[in-house]
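Heads up: the structure comes next, in structure tokens.
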Amino acid sequence: MKKILILNGPNLNFLGIREPGIYGSDTMDDCLSKLQEHFQGVTLEAFQSNSEGGLIDRLQATIADGTEGVVFNAGAYTHTSLALADCIRSLRVPVVEVHISNVYAREEIRHRSLIAPACKGVISGFGLGSYRLAVEALLMEA
Ligand code: DQA
């Protein structure tokens, strides 16, 4: 697998600022540069949107842009978005759902994921390490 999309949903552009007790103090840029350093043979392309439509547009674009797998943190849309679940089901590439926090150790509303049944698998609770584990999972799969 040569090209993986790291896709982040709402409020993940605020990592480092946002609830550091839950999400830590590193930014998404810190995470992405560490990831790229770790996986040197793979092109990791990053995209973030605070809107559901922006995420759907980027996912749909994987049909024609050479992306072979997607690591997706849908943020709060995880728990609400049938539109994202439908979109993931229409793709040709595997999608791994990730969460920085352990969503099952948090409020009950976060225990439900509408997108998980459409994804290859789910990784939750390993801090920014969740992204690294998700890339590993995609590479194992390839
Ligand atoms: C999150 C967990 C979600 O419940 C929350 O809405 C987020 C971040 C995580 O990475 O832990 O925005 O996806």
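Residues that are near the ligand (Cβ under 8 Å from one of its atoms) and among the charged types (D, E, K, R) within segment 74-107 comprise just one, ARG106. Within the bounds of segment 35-54, is there any residue that is in contact with a Gly (Cβ under 6 Å, 6 or more places away or on another chain) and closer than 14 Å to GLY9 by Cα? No.
Considering segment 1-56, and only residues there that are among the acidic types (Asp, Glu) and either away from the ligand (no atom under 11 Å from the Cβ) or part of a helix (DSSP H, G or I) (or both), the residue that is nearest to SER90 (Cα to Cα) turns out to be GLU52. Cβ-Cβ distances below 6 Å connect the following pairs, each with a first residue in segment 48-73 that is farther than 18 Å from SER113 by Cα and in contact (Cβ under 8 Å) with a residue 24 or more places away in the chain, a second residue that is charged (D, E, K, R) and in a strand (DSSP E or B), and a separation of six or more residues or different chains: GLY66/LYS3; THR67/LYS3; GLU68/LYS3.
Just a yes or no: is a residue in segment 13-30 polar (S, T, N, Q) and surrounded by fewer than 14 Cβ atoms within 10 Å (Cβ to Cβ)? Yes, that holds for at least one residue.
Among the numbered conditions (1) in contact (Cβ under 8 Å) with a residue 12 or more places away in the chain; (2) closer than 18 Å to PRO10 by Cα; (3) away from the ligand (no atom under 16 Å from the Cβ), the only one that GLU141 does not meet is (2). Contact map, segment 108-133: first residue within 14 Å of LEU7 (Cα to Cα) and near the ligand (Cβ under 9 Å from one of its atoms), second residue not in a helix (DSSP H, G or I) and not hydrophobic (A, V, I, L, M, F, W, C), Cβ cut-off under 7 Å, separation 6 or more or different chains; pairs are SER130/HIS99; SER130/SER124.
Residues in segment 87-96: is at least one surrounded by 23 or more Cβ atoms within 10 Å (Cβ to Cβ), among the aliphatic types (A, V, I, L, M), touching a residue at least 12 places away in the same chain (Cβ under 8 Å) and assigned to a helix (DSSP H, G or I)? For segment 87-96, residues surrounded by 23 or more Cβ atoms within 10 Å (Cβ to Cβ), among the aliphatic types (A, V, I, L, M), touching a residue at least 12 places away in the same chain (Cβ under 8 Å) and assigned to a helix (DSSP H, G or I): present. Restricting attention to segment 64-73, does a residue exist that is of a type in the set (Phe, Trp, Tyr), more than 16 Å from the ligand (Cβ to nearest atom) and in contact with an Asp or Glu (Cβ under 9 Å, 6 or more places away or on another chain)? Within segment 64-73, none of the residues are of a type in the set (Phe, Trp, Tyr), more than 16 Å from the ligand (Cβ to nearest atom) and in contact with an Asp or Glu (Cβ under 9 Å, 6 or more places away or on another chain).
None of the figures in this text is laboratory data; all of them are computed from the coordinates on show. Small disclaimer: the values here were computed from a predicted structure and weren't measured. For neighbour counting, all protein chains shown are included, and Cβ atoms are generated from backbone atoms with ideal geometry for every residue, glycine included.
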